[in-house]
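Undergrad: Have a look at this one.
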Amino acid sequence: MRVKEKGLTMQTMDQHKSFAESMGHLLKRFCPEDLLKILGEELEQLKAVEAELTEKAKAKEADLHGEASVIETGHLENIITECSRGLAKRPFLELLLDLGSLCLKYGEFTTAKSVYKRIIETAGSDAKLSTLSGKAYAKRAEIRLRQAHWTAAVNDLKKAATLFKKAKDAEGLAMVENSFGVYATEQGDMKKAASHFKKAQTGFEKAGNSERANTALMNLGILASIAGRWEEGLAYYQRILPQFEKLGQVSRLVEVHHNIGMLFLAKGDAKAAINQFDESLNHASLLHYRAFIGMGFLGKAAAYARLTDFPLAMVFVQRALGIFRQLSDHLSIADAYKVKGIIHRELDRPQLAELYFRTSLRLNEEYNNPLNLGETYLELGRLYVRTKEPAKAAQALKRASSYFKRLGALHEAKSAQTLMANA
């Protein structure tokens, strides 16, 4: 137990160090030497005094629990306060945009949203700052999409589009198209999603942003994978993977390896899927990219469940859930409950399996995710086939088939129909 706790502490320390170093690089880009000196002196005093007080507290009470977030150890709010006084408005807002992205990367979603809100309020109706305000709306929408806050996300995207049009910012409009594609995918409208992603790709290419253009292609690969067109999906991924590797775009390597893993998992090749998830996790760990660390753990949990290694599957799904709860990622939590249901079903614990499946369904219905609903109804149908409850099995599988047909996921729809015929 002691070794495990030490490992977690070291991991947290590495994360805090990485965040501080990244923030230091940002500050050097935006701040003049005199401001950097003030920030350095103040932060050193703050850290020294607070570290001393913490050590004194530990000396009095050894069993103290809880660790500060990367935001607190990095003194982000204090830095923002000083920079608001020491920088002109435009460079200050540009700094905030990059700080928001940094918080997003480390899973500090609440702080990131707060930073974007400040940009929007500070920019106000100043036409010269409309692009910066538009980017803040677009980035906040990305967070809200991850947290399944659909209405708020769409409102932000519409405001971003208005500002980008006013500024004649083609790349900004492509960002909005890509996010609308993500939204359409989550809502199950694959035709509309493909249209948005293609517009995004064209917009990014015209703007000369090859990284984002390749990301739009990756999203088209995801759509192909969902539809069961695996060779097409793999072709998209293999097209963009060497480009991400050549340019050293590690954050994109995280995503593409994860998506290839999901494709192999859908095809039924669990071992190949685990290899891809490990590739993704290796890159994500270097970047402390918490969202994809959680998704990688969940992917491995599902793969190990396929391989009937249920102890490992449970370990990884528990790790994933811990991260998803911290990020308020409701749809991933629902997906994790589905995997837990599969584990308990295969271990012949039908009541526990049904509870997890129904909880997953409730969350997916609450946040309106048709793909996860289809997948969970399919797994629930398999449970009822196993427990010899044909009426319940038929009802669940019929719903699964309906969702899959709506999504164009014909391979999964066929699986549901085959099970129905044999129920």
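The values are calculated or read from the model by the stated rules, or taken from the named source; none is laboratory data. Note that this is a predicted model, so its numbers are computed, not measured. Heads up, the Cβs are rebuilt from the backbone with ideal geometry, glycines too, and the neighbour counts pull from every protein chain shown. The area values use the complete protein model at the heavy-atom level, side chains included, leaving out ligands, DNA and RNA. Shrake-Rupley method; radii C 1.70, N 1.55, O 1.52, S 1.80 Å.
Undergrad: Considering only protein heavy atoms, with the full assembly of protein chains and a 1.4 angstrom probe, order Glu255, Glu211 by accessible area, largest first. Please list the in-between numbers first.
TA: Numbers: Glu255 25, Glu211 50 Å².
Highest to lowest solvent-accessible surface, that is Glu211, Glu255.
Undergrad: Still on this structure: In whole percent, what relative contact order does the chain give with Cα contacts below 8 Å and a gap of six or more residues?
TA: Computed over the chain, the figure is 9 percent.
Undergrad: Okay, moving on. Where does the chain land at 222 nm, in deg cm²/dmol rounded to the nearest 500, when only DSSP H runs of n ≥ 4 count, each adding -39500 (n - 2.57), divided by all residues?
TA: -29000 deg cm²/dmol
Undergrad: Right, another one. State, to one decimal in nm, how far the label point of Ala235 lies from the label point of Val154, with both points 7 Å from Cα in the Cβ direction.
TA: Distance between the two pseudo-spin positions: 3.4 nm.
Undergrad: Between Arg85 and Ala20, what FRET efficiency follows from the Cβ-Cβ distance if R0 is 25 Å, with the result rounded to 0.05?
TA: With a Förster radius of 25 Å, E is 0.70.
Undergrad: At R0 = 22 Å, how high is the FRET efficiency between Glu33 and Lys128 if r is their beta carbon distance? Nearest 0.05 is fine.
TA: After rounding, the FRET efficiency stands at 0.25.
Undergrad: How large is the charge dipole for the chain, taken about the Cα centre, if only the Cβ atoms of Lys, Arg (+1) and Asp, Glu (-1) carry charge, to the nearest 20 debye?
TA: Charge dipole, the chain, about its Cα centre: 1500 debye, nearest 20.
Undergrad: Using a simple charge model, +1 on the beta-carbon of Lys and Arg, -1 on the beta-carbon of Asp and Glu, nothing else, what dipole does the stretch 109-252 show about its Cα centre, in debye to the nearest 20?
TA: Roughly 420 debye, rounded to the nearest 20.
Undergrad: Which of the chymotrypsin sites (Phe, Trp or Tyr not before Pro) across the stretch 260-307 are loop residues per DSSP, with 15 or fewer other Cβ within 10 Å?
TA: Answer in residue order: no site qualifies.
Undergrad: Next up: Kindly state, to the nearest 0.05, the FRET efficiency for Leu97 paired with Lys405, given R0 = 41 Å and r defined as their beta-carbon distance.
TA: After rounding to 0.05, the efficiency reads 0.45.
Undergrad: Can you pull the accessible area of Thr162 for me, 1.4 Å probe, Å² to the nearest 10?
TA: Counting only protein heavy atoms, the figure is 80 Å².
Undergrad: Provide the solvent-accessible area of Lys28, counting protein heavy atoms only and rolling a 1.4 Å probe, rounded to the nearest 10 Å².
TA: So the heavy atoms of Lys28 present about 140 Å² to solvent.
Undergrad: Would you be so kind as to identify which of Thr418, Asn155, Ala353 lies farthest towards the positive end of the dipole of the chain, taking Lys and Arg as +1 and Asp and Glu as -1 on Cβ and the Cα centre as origin?
TA: Thr418
Undergrad: When the accessible area of the stretch 124-215 is split by element with a 1.4 Å probe, what percent falls to carbon and sulfur? Each step should come with its number before you reach the end.
TA: Working: 2030 of 4120 Å².
Of all accessible area on the stretch 124-215, carbon and sulfur atoms account for 49 percent.
Undergrad: Moving on to the next point. Starting from 0.36 nm per residue, how many nanometres of slack lie between Leu247 and Ser328 once their C-alpha separation is accounted for?
TA: So the extension gain works out to 26.0 nm.
Undergrad: Leaving ligands, DNA and RNA out of it, work out the accessible area of Ile226 with a 1.4 Å probe and give it in Å² to the nearest 10.
TA: For Ile226, the solvent-accessible surface is approximately 30 Å².
Undergrad: While we're on this one: What is the chain by shape, rounded, prolate or oblate, if you read a ≥ b ≥ c off the alpha carbon gyration tensor as root eigenvalues and call it rounded for a/c under 1.5, prolate for a/b larger than b/c, and oblate otherwise? Present the calculation step by step, with values, prior to reporting the outcome.
TA: Values: a/c = 2.15, a/b = 1.39, b/c = 1.55.
Oblate shape, in that a/c is at least 1.5 and b/c is the bigger or equal ratio.
Undergrad: Something else now. Mind scanning Lys113/Lys340; Lys113/Lys165; Lys89/Lys117; Lys300/Lys398; Lys267/Lys405 and naming the pairs with a C-alpha gap bigger than 21 Å?
TA: Check vs 21 Å cut-off fails for Lys113/Lys340; Lys113/Lys165; Lys300/Lys398.
Undergrad: Compute the distance from the alpha-carbon center of the stretch 308-376 to that of the stretch 172-226, in whole Å.
TA: Cα centres, the stretch 308-376 to the stretch 172-226: 28 Å.
Undergrad: Spin-label point model (7 Å from Cα, Cβ direction): what's the Asn275 to Glu77 distance in nm?
TA: So the two model labels end up 4.8 nm from each other.
Undergrad: Please name whichever of Gly341, Pro242, Phe292 sits farthest to the positive end of the charge dipole of the chain, dipole taken about the Cα centre and charges placed at Cβ: Lys and Arg +1, Asp and Glu -1.
TA: Gly341
Undergrad: While we're on this one: Provide the gained length on full extension for the span Leu347 to Ser195, in nm with one decimal, where the gain is 0.36 nm per separating residue minus the Cα-Cα distance. Intermediate results must be reported in sequence, preceding the final value.
TA: Values: separation 152, 0.36 × 152 = 54.72 nm, distance 4.29 nm.
The span from Leu347 to Ser195 would gain 50.4 nm if fully extended.
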